[in-house]
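Down below is the structure, laid out as structure tokens.
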């Protein structure tokens, strides 16, 4: 799976999770998963930017 595909998948998963969030009091496991997804998305975006920079 390419980095772009991985990024798209993580973004979809994050959007789905955010759509299911309760208005108040996030359970710790959901907050942890949100944090993991946001970190993974940031890392993939950085990798894609580095690849674009190296190929330019």
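The values are calculated or read from the model by the stated rules, or taken from the named source; none is laboratory data. Computed from a prediction, not measured in an experiment: that's the story for all the values here. Positions of Cβ are generated from backbone atoms using ideal geometry, with glycine treated the same way; all protein chains shown enter the neighbour counts.
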#### Entry: All positions within the range 1-20 that are surrounded by 13 or more Cβ atoms within 10 Å (Cβ to Cβ) and more than 16 Å from residue 43 (Cα to Cα)
17
#### Entry: Number of the exception - residue 9 against (1) modelled with pLDDT of 95 or more; (2) more than 12 Å from the chain's Cα centre (by Cα)
(2)
### Query
Does residue 4 count as modelled with pLDDT of 95 or more and in contact with a helix residue (DSSP H, G or I) (Cβ under 7 Å, 6 or more places away or on another chain)?
no
### Message
If I filter the range 26-44 for residues that are free of Cβ contacts under 8 Å to residues at least 12 places away in the same chain, in a helix (DSSP H, G or I) and loosely packed, with under 10 Cβ neighbours inside 10 Å, do I get at least one hit?
### Response
yes
